[in-house]
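One structure is given below, encoded as structure tokens.
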Amino acid sequence: QVQLAESGGGLVQAGGSLRLSCAASGSLFSANNMGWYRQAPGEQRELVATITSGGSTNYADSVKGRFTISRDNAKNTVYLQMNSLKPEDTAVYYCRYSATYSRSVYWGQGTQVTVSS
């Protein structure tokens, strides 16, 4: 099993910044992908950004140029730096951990990000 501990959500004004963190623990895989997804009320969960254990990244078009995903493999932690936040970024943000060569997928409990206009 893999446990994910998220932190860093909160309330911020439009144009502000927040940094999310997600630390993975337990039976980890050497080859893995970590990422952030979000779900707004009444909407489906959507990809925000992902990063492989080798450092390759992928972003949703809506956050390109504003959000940066990074990871510290020594700490098994992934970060999401969110700048120039917009009200439409308001959502619950979920950390996701998956093994590259198996179907194992784990989710964090979610952290609320609210951007006021």
Has the range 41-63 got at least one residue that is of a type in the set (Ser, Thr, Tyr), open to solvent by less than 50 Å² (accessible area, probe 1.4 Å) and more than 11 Å from the chain's Cα centre (by Cα)? yes
From the set of residues in the range 80-110 that are under 11 Å from the mean Cα position of the chain (by Cα) and surrounded by fewer than 20 Cβ atoms within 10 Å (Cβ to Cβ), which is nearest to Ser62 (Cα to Cα)? Gln81
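Here is a yes/no grid of residues against (1) in a strand (DSSP E or B); (2) modelled with pLDDT of 95 or more:
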{"residue": "Leu11", "(1), (2)": "yes, yes"}
{"residue": "Gly15", "(1), (2)": "no, yes"}
{"residue": "Ala23", "(1), (2)": "yes, yes"}
{"residue": "Phe29", "(1), (2)": "no, no"}
{"residue": "Trp36", "(1), (2)": "yes, yes"}
{"residue": "Ala49", "(1), (2)": "yes, yes"}
{"residue": "Gly54", "(1), (2)": "no, no"}
{"residue": "Val63", "(1), (2)": "no, yes"}
Quickly run through the range 29-68 and pick out the residues that are free of Cβ contacts under 8 Å to residues at least 60 places away in the same chain and of a type in the set (A, V, I, L, M, F, W, C). Ala40, Leu47, Val48, Ala49, Ile51, Ala60, Val63, Phe67
Name the residues in the range 88-117 that are free of Cβ contacts under 8 Å to residues at least 12 places away in the same chain and part of a strand (DSSP E or B), would you? Val105
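The values are calculated or read from the model by the stated rules, or taken from the named source; none is laboratory data. Since the model is a prediction, treat every value here as computed from it, not as a measurement. Positions of Cβ are generated from backbone atoms using ideal geometry, with glycine treated the same way; all protein chains shown enter the neighbour counts. Please note that ligands, DNA and RNA were not included when accessible areas were found on the heavy atoms of the full protein model with its side chains. Shrake-Rupley method; radii C 1.70, N 1.55, O 1.52, S 1.80 Å.
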